[in-house]
Amino acid sequence: MVHLRGVILPEGEVRDIWVRDGSITFDPVPGAETLCRQGWIVPGLVDAHCHVGIRHGGGHEDRAGAVAQAESERAAGALLLRDAGSPIDTRFIDDHDELPRIIRAGRHIARPKRYIRELGIELDDERDLPEIVAEQARLGDGWVKIVGDWIDRSAGDLTPLWSDAILKEAIDAAHANGARVTAHVFGEDALPGLIGAGIDCLEHGTGLTDDAIEMMVAHGTALVPTLINIDTFPEIADKAGKFPVYAAHMRDLHRRVRGTVAAAHEAGVPLFAGTDAGGSIRHGRIADEIAALTGAGLSAHDALGAASWDARAWLGRPGIEDGAPADFVVYQQDPRIHPDTLTAPYAVVLRGRVYRTHDPVTGHR
């Protein structure tokens, strides 16, 4: 049993809260240990695009490695993970009360030689897409992930993987099975077909144009821009010497991405924070993504919300509410005014269990 008093975000009200049997209550609990008497209490952070199960540097992770990845997220305060495609079954993590909850999108769905090898389900015939999407919808946690575009070596640049008609049929199949659909998409050409087919979210979205943003607003399509991953585009371009058009395209997408995200946010596109951890990005970097979103024009409040209360609502998970699971992060300073504090939470509380990440006196780990 734990007691806390502090500023509860996003409302900003100073309140006392208690934790009893792993849940939040606003009713006093006699004998509860006081964790803090002042501070900022934030609903558990969300990494809305990560890959538990993909080894750093590439390949499949084993169980111990997947657990270590989830522990890294917990240490950073990310207590809810939207896994945007994993080559391994991570449901065993659900048996670990000490690890973040994962909302899974199953495996990536792609075409042969049109995505990272061995990570996705590769379809020789695009006509199989609706059936496979429906299957992944039934196996997942309410999300399905498709690859919308990738480099086509015969064209030397990014091109769409699917026809517009088959996308509509596949997304309808997911919706009929109670799942939302998201898509990896870097370039411009795949966007009208994806958005017009009714896709629920776009990952990366670096090629967004004014027309595509307008379509997203009309359809209610969300965006997870994964900015710290986009920062790797120049490196990707440097390794693509055989494809100069593609390399130049990737550099241009990187150059204008902050403006692209700012335009989407200003237009009213729902934005959520995701790091794309797994592969080239290490887990536990949600604070870096929040900082990147502020660098793209979001206010400090909105950027934190994109990785906390707004993202939790989007994914159907509660914030700091009476009776909700006690999943929150405690900071000694207002993380909106002192963003560096996001990298050093005073405590992480997951299902009522307290994890101190820094010594309360010295501030050291």
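The values are calculated or read from the model by the stated rules, or taken from the named source; none is laboratory data. These numbers were taken from a predicted model, which means no experiment stands behind them. Cβ coordinates were reconstructed from backbone atoms using ideal geometry, including for glycine residues, and neighbour counts include every protein chain displayed. Each accessible area value is taken on the protein alone, full model and side chains, heavy atoms only, with ligands, DNA and RNA left out. Shrake-Rupley method; radii C 1.70, N 1.55, O 1.52, S 1.80 Å.
Scan the range 182-193 and tell me whether some residue there is buried (at least 16 other Cβ atoms within 10 Å of the Cβ), part of a helix (DSSP H, G or I) and modelled with pLDDT of 95 or more.
Within the range 182-193, the first condition is being buried (at least 16 other Cβ atoms within 10 Å of the Cβ), and the residues that meet it are 182-188, 190-191, 193.
Narrowing further to those that are part of a helix (DSSP H, G or I): 191, 193.
Checking the rest, the ones that are also modelled with pLDDT of 95 or more come to 191, 193.
Yes: one or more hits.
Take the residues in the range 315-354 that are buried (at least 18 other Cβ atoms within 10 Å of the Cβ) and within 15 Å of the chain's Cα centre (by Cα), then tell me which one is nearest to residue 100 (Cα to Cα).
Residue satisfying both the conditions and the ranking: 317.
For the range 103-112, what are the residues that are in contact with an Asp or Glu (Cβ under 8 Å, 6 or more places away or on another chain) and basic (Lys, Arg)?
104, 111
Can you spot a residue in the range 106-123 that is under 13 Å from the mean Cα position of the chain (by Cα), at pLDDT 95 or above and open to solvent by 10 Å² or more (accessible area, probe 1.4 Å)? It would help to see each step written out before you state the result.
Step one: of the range 106-123, the residues under 13 Å from the mean Cα position of the chain (by Cα) are none.
No.
Among the residues of the range 97-114, what is the count of those that are of a type in the set (Lys, Arg) and either touching a His at 6+ places or on another chain (Cβ under 7 Å) or in a strand (DSSP E or B) (or both)?
2
Would you check if residue 42 is over 14 Å from the mean Cα position of the chain (by Cα), in contact (Cβ under 8 Å) with a residue 60 or more places away in the chain and at negative phi?
yes
I'd like to check which strands (runs of 3 or more DSSP E) are fully inside the range 1-96 and have at least 1 residues that are hydrophobic (A, V, I, L, M, F, W, C), open to solvent by 40 Å² or more (accessible area, probe 1.4 Å) and at pLDDT below 95.
Of the strands (runs of 3 or more DSSP E) lying wholly inside the range 1-96, none has at least 1 residues that are hydrophobic (A, V, I, L, M, F, W, C), open to solvent by 40 Å² or more (accessible area, probe 1.4 Å) and at pLDDT below 95.
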